[in-house]
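*Asks:* The following block contains the structure, expressed as structure tokens.
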Amino acid sequence: MRILLTGVCGFIGSHIAEKFLKEGNEVLGVDNLLTGREENLGILSGYKNFEFKKTNVEDFVADQDFDIILHLASCASPKDYIKYPLETMSANSKGTWNLLESIKSKKIRLVYGSTSEVYGDPLITPQHEEYYGNVNPVGERSVYDESKRFGEALCMAYYRKFNIDVRIIRIFNTYGPRMKMEDGRVIPNFITQALKNEDLTVYGDGNQTRSFCYIDDMVEAIYRVCTKENIKERILNLGNPYEIKIIDVARIILKLTSSSSDIKFLSLPPDDPKRRCPVIDRAKKEIEWEPRISLEEGLKKTIEYFKRFI
Ligand code: UDP
């Protein structure tokens, strides 16, 4: 199969690209390298069935045929999307629109990389796909949340009007090797701080929760959504339902790194979701998938990866 993968130099993008390549598919990867990494490009360039185009997804001209488009291009870490608000909104709105428009009369499947952030600061927990969310439309995080929600609305509009095979994956917190150390997200921050024996920066009181999925589990899920012939559910939560408080993530990382760091408490960023945990019953049924790697096991692998850079 021939795959167009946008955001190919990102953390998840580079891993899923490798999976497609190893399975013998051809991949055209697109990235503007705003937050994606050149190093990931280096890894992928080793595959003969890989091609790369540096461009914004909103400017990409799809003049070739593909079997599948996997649209992951967007800033994804709060630090990045707050720094690049307009670029984030553009990739998710104009970028998604551009891709959908290019395939409206073709038989190309489009898998849209959405996010648990569409649920905002949820008033129900765990979050199932039918929940509409609780998003502040004008807060700092809205550039990401609202543009991802708009991207989902676009996908569904094209599906309803042109019967395109669109699939929306709501990706919950994912971690593992190839995350950027300076990414700003909690796991790279804590591991880097612990390895350098610096204080771990817990925002707020640390009682807010997240549910962390190891990259290998996430790649398997995305691959299955992309390659399954017929699908009943177009919108799927993908993530690990093991929910944990941020303060406990800090404690586990201190233990696993045998670090002498302390924990310091900083103020909580605005609109930081208090609870986040996916219901994954749909994914279990639709793609016969559930995560296999425990948080401790995944953190050990991630710590080993980060040690190389300290
Ligand atoms: N967080 C933290 N310390 C950090 C980075 C993040 O306590 O150094 C918290 C953040 O406030 C949030 C959670 O960890 O409650 C996850 O944040 P992250 O930026 O990884 O992703 P999010 O799930 O908010 O998109």
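The values are calculated or read from the model by the stated rules, or taken from the named source; none is laboratory data. Everything numeric in this text was worked out from a predicted model, so none of it was measured. Using ideal geometry, Cβ is built from the backbone for each residue, glycine included, and neighbour counts are taken over all protein chains shown. Just so you know, the surface numbers come from the protein's heavy atoms only, side chains and all, with ligands and any DNA or RNA stripped out. Shrake-Rupley method; radii C 1.70, N 1.55, O 1.52, S 1.80 Å.
Here's the yes/no breakdown for (1) within 16 Å of the chain's Cα centre (by Cα); (2) closer than 30 Å to Glu233 by Cβ; (3) within 6 Å of the ligand (Cβ to nearest atom):
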position	(1), (2), (3)
Arg170	yes, yes, no
Asn173	yes, yes, yes
Gly176	yes, yes, no
Met179	yes, yes, no
Val186	yes, yes, yes
Gln193	no, no, no
Glu198	no, no, no
Thr201	no, no, yes
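*Asks:* Same structure again: Quickly run through segment 261-279 and pick out the residues that are open to solvent by 40 Å² or more (accessible area, probe 1.4 Å), under 25 Å from the mean Cα position of the chain (by Cα) and near the ligand (Cβ under 9 Å from one of its atoms).
*Replies:* Leu268, Pro269, Lys274
*Asks:* Applying the selection to segment 15-45, what residues are more than 16 Å from Ala221 (Cβ to Cβ) and in a helix (DSSP H, G or I)? Walk me through how you get there before you give the answer.
*Replies:* Taking segment 15-45 as the starting set, the residues that turn out to be more than 16 Å from Ala221 (Cβ to Cβ) are 21-22, 24-45.
Leu21, Lys22, Glu38, Glu39, Asn40, Leu41, Gly42, Ile43, Leu44, listed by residue number.
*Asks:* Can you tell me which of Ile235, Ile287, Ile231, Ile215 is within 30 Å of Ile164 (Cα to Cα), in contact with a His (Cβ under 7 Å, 6 or more places away or on another chain) and surrounded by 13 or more Cβ atoms within 10 Å (Cβ to Cβ)?
*Replies:* Exactly one residue qualifies, and that residue is Ile215.
*Asks:* Looking at (1) within 17 Å of the chain's Cα centre (by Cα); (2) open to solvent by less than 30 Å² (accessible area, probe 1.4 Å), which is the one condition that is false for Ile82?
*Replies:* (2)
*Asks:* Among the numbered conditions (1) at pLDDT 95 or above; (2) surrounded by fewer than 20 Cβ atoms within 10 Å (Cβ to Cβ), tell me where Ile310 comes up short.
*Replies:* For Ile310, the exception is condition (1).
*Asks:* Continuing with this model, one more query. List the residue pairs whose Cβ atoms are under 8 Å apart, where the first residue sits in segment 187-199 and is free of Cβ contacts under 8 Å to residues at least 40 places away in the same chain, the second is not in a loop (DSSP other than H, G, I, E, B), and the two are 6 or more positions apart or on different chains.
*Replies:* Asn189/Leu200; Asn189/Thr201
*Asks:* Somewhere in segment 174-195, is a residue of a type in the set (S, T, N, Q), open to solvent by 20 Å² or more (accessible area, probe 1.4 Å) and part of a loop (DSSP other than H, G, I, E, B)? Spell out how you get there, then give the answer.
*Replies:* Step one: of segment 174-195, the residues of a type in the set (S, T, N, Q) are 174, 189, 192-193.
Next, only the ones that are open to solvent by 20 Å² or more (accessible area, probe 1.4 Å) stay: 189, 193.
In the following step, the residues that additionally are part of a loop (DSSP other than H, G, I, E, B) were identified as none.
Checked against the condition, which is being of a type in the set (S, T, N, Q), open to solvent by 20 Å² or more (accessible area, probe 1.4 Å) and part of a loop (DSSP other than H, G, I, E, B), segment 174-195 yields no hits at all.
*Asks:* Of the conditions (1) out of contact with any Phe, Trp or Tyr (no Cβ under 8 Å at 6 or more places or on another chain); (2) over 26 Å from Glu152 (Cβ atoms); (3) not basic (Lys, Arg), Ser45 clears all except one; give me its number.
*Replies:* Answer for Ser45: the failing condition is (1).
*Asks:* Taking segment 82-98 only, how many residues are among the aliphatic types (A, V, I, L, M) and touching a helix residue (DSSP H, G or I) at 6+ places or on another chain (Cβ under 6 Å)?
*Replies:* 2
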